[in-house]
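The values are calculated or read from the model by the stated rules, or taken from the named source; none is laboratory data. Owing to the predicted nature of the structure, the values given are computational and were not obtained by experimental measurement. As a convention, Cβ positions derive from the backbone with ideal geometry for all residues, glycine included, and neighbour counts pool all protein chains shown. In case anyone asks, the SASA skips ligands and DNA or RNA and just uses the protein heavy atoms, side chains included. Shrake-Rupley method; radii C 1.70, N 1.55, O 1.52, S 1.80 Å.
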Amino acid sequence: RLRTDLRDLAASISVITKDFMEDLGVNSLDQLATYTLGTEIGGIDGNFSDTFVSQSFTSFDGSLVSRATPSVRVRGISGGATHTRDYFLTDIGSDAYNIDRIDIQRGPNGMLFGLGSPQGVINQGLIKANPQRNSTTVSTRFGSYDGYRGSIDHNQVLIKDKLALRLAGVYDDTRYQIEEAFKISRRGYGTLTYQPWKNTVLR
């Protein structure tokens, strides 16, 4: 979590920007992992079977719950990479509607930053509110087999250069050749940025 230039880090790191994800037409890490270096993804959008990795875990009440994020295999090692959001551990599935960038750090250097997989760390950098200007982005996409996706991202300045609110939402209905297979996502996200003094920012 230190501000260090990538060129000064002795690790294999790929930085995937939001623009690059839009160019590829991918909406999540599930789809992105098939295009990035040294990564493979299990699940319905994946490129390996992932039959040796459990896709479920036991919840607090003892019931079996499916994981929201399929296993990502990095460097050919089974077990899955460590997933983080702004460098905090997470099991929340990724979606491009609230992601600014994805950093894929390959290799055991990930263990230098706490308890992490020897495969490395996959970090989702979330979008942040901007107290400088208002902005709104609306997008729609139509896919194969009558699939549809719509998203909105609005940044509102509440106090110029001091306080801003950003809200984002998405509805994604992904369909496949087999009619019984589908994925529906309804998500919302909100974030505040408050800058009371020049060198202090609260998010």
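Of note:
- Segment 6-71 holds strands (runs of 3 or more DSSP E) entirely within its bounds, and those carrying 1 or more residues that are modelled with pLDDT under 70 and open to solvent by 50 Å² or more (accessible area, probe 1.4 Å) map to 56-58, 64-66.
- Subset of segment 176-187 that is more than 18 Å from A96 (Cα to Cα) and not aromatic (F, W, Y) - its residue that is least open to solvent (accessible area, probe 1.4 Å): A181
- Complete set of residues in segment 72-124 that are in contact with a Lys or Arg (Cβ under 8 Å, 6 or more places away or on another chain), in a loop (DSSP other than H, G, I, E, B), at pLDDT 85 or above and open to solvent by less than 20 Å² (accessible area, probe 1.4 Å): D95
- Sub-7 Å Cβ pairs linking a first residue in segment 135-148 that is assigned to a strand (DSSP E or B) to a second residue that is surrounded by fewer than 12 Cβ atoms within 10 Å (Cβ to Cβ), at least 6 apart or interchain, are Y148/F142, ordered by first then second residue.
- Y194 vs. criteria touching a strand residue (DSSP E or B) at 6+ places or on another chain (Cβ under 7 Å), more than 12 Å from Y97 (Cβ to Cβ), open to solvent by 90 Å² or more (accessible area, probe 1.4 Å) and in contact (Cβ under 8 Å) with a residue 24 or more places away in the chain: yes
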